[in-house]
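Q: Sharing a structure, written as structure tokens. Questions coming.
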Amino acid sequence: MSQTNAPTGPARVQAGPVPAPSGPRERRVRFGHLALAIALIVVGALGTATLVLSVTAEGTYLVAAREIPYGKRFAAEDLVTVRLNNSPDVNAVSADNLDRVIGNYAAYSIPQGALLSSDHVTATQFPAPGQVMIGITLSADRLPSFDLTPGYSVRLVDTTDPDTAGTGQEASTQAPLSWQALVVDVDRGDSGDLFGGGGDDWTIDVVVNERDADLIARLAANDNLYVTILPGESGG
């Protein structure tokens, strides 16, 4: 007796709705982190705005309209105004302070076109009472080995040989006479610089006490004067 087997096939899957795939889990917003991020954005924006303003903001400042020698009393025609970008590195006098500058004195020699700084202005009268300005001419080998500029404090030393002066050997053990002076101007002649060892003569305008002016002038005329720099006044 033959037996017929039913054909085999894939198992039937019961039809029905298929569930939708589940998405990523929703993250909970942490408001503390959100507030911190917003704060950082605001601070960054403010910093950028401040930087832009510091670079682009403008101001009006005072500039020397001509060369202003040391000790000159400021007049209105000595100064002009210029509009420049503000800079934290610029110590310039604002044009609003013009009235406060006029009538004061130049503490340094100011070249034409230079920005006026607060260091350029002093209320000290020039020369001060009891002082005079004299010009002395010296050979370069009696000057410091670097370029003198107005505003330097120097010491003028009497280099007279005591024996030559007829004062005897005993006087040679005494300290030489010296006087403090303030350099006002330097005439460098045609050589263009002030270095010792040369044979050129230099004329220096200095401010000294009135009682010493005649003696200093006579010593300079006889080539018996030497210029030294006071401590803290060395150049670079």
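Q: Does the range 152-170 contain any residue that is among the aliphatic types (A, V, I, L, M), modelled with pLDDT of 80 or more and part of a loop (DSSP other than H, G, I, E, B)? Quick ask: steps written out before the conclusion?
A: Within the range 152-170, the first condition is being among the aliphatic types (A, V, I, L, M), and the residues that meet it are 154, 156-157, 165.
With the extra rule that they be modelled with pLDDT of 80 or more, the set shrinks to 154, 156-157.
Going one step further and asking which of them are part of a loop (DSSP other than H, G, I, E, B), we end up with none.
No.
Q: Moving on to the next point. Could you run through the range 113-132 and say how many residues are closer than 19 Å to D205 by Cβ, polar (S, T, N, Q) and without any contact (Cβ under 8 Å) to a residue 60 or more places away in the chain?
A: Residues meeting the conditions: 3.
Q: Name the residue, out of G232, G236, G198, that is at pLDDT below 85 and open to solvent by less than 60 Å² (accessible area, probe 1.4 Å).
A: On the way: G232 fails: open to solvent by less than 60 Å² (accessible area, probe 1.4 Å); G236 fails: open to solvent by less than 60 Å² (accessible area, probe 1.4 Å).
G198 is the lone residue from the list that is at pLDDT below 85 and open to solvent by less than 60 Å² (accessible area, probe 1.4 Å).
Q: All but one of (1) charged (D, E, K, R); (2) at pLDDT 90 or above; (3) part of a loop (DSSP other than H, G, I, E, B) hold for D96; which doesn't?
A: D96 satisfies every listed condition except (3).
Q: Could you look through the range 136-149, keep only residues that are part of a strand (DSSP E or B) and open to solvent by less than 40 Å² (accessible area, probe 1.4 Å), and pick out the one that is farthest from A65 (Cα to Cα)? Break it down stepwise before answering.
A: Our first condition is that a residue be part of a strand (DSSP E or B); within the range 136-149, this holds for 136-139.
Among the residues that remain, those that are also open to solvent by less than 40 Å² (accessible area, probe 1.4 Å) are: 136, 138-139.
Working: I136: 29, L138: 32, S139: 34 Å.
Ranking the candidates gives S139 first.
Yes/no matrix, rows are residues, columns are (1) modelled with pLDDT under 90; (2) more than 24 Å from I204 (Cα to Cα); (3) open to solvent by 50 Å² or more (accessible area, probe 1.4 Å):
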position	(1), (2), (3)
T56	yes, yes, yes
A76	no, yes, yes
T81	no, yes, yes
P88	yes, yes, yes
N91	yes, yes, yes
S109	yes, no, no
I134	no, no, no
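The values are calculated or read from the model by the stated rules, or taken from the named source; none is laboratory data. Computed from a predicted model, the values in this text were never measured in an experiment. Heads up, the Cβs are rebuilt from the backbone with ideal geometry, glycines too, and the neighbour counts pull from every protein chain shown. Accessible surface areas use protein heavy atoms only, side chains included; no ligands, DNA or RNA. Shrake-Rupley method; radii C 1.70, N 1.55, O 1.52, S 1.80 Å.
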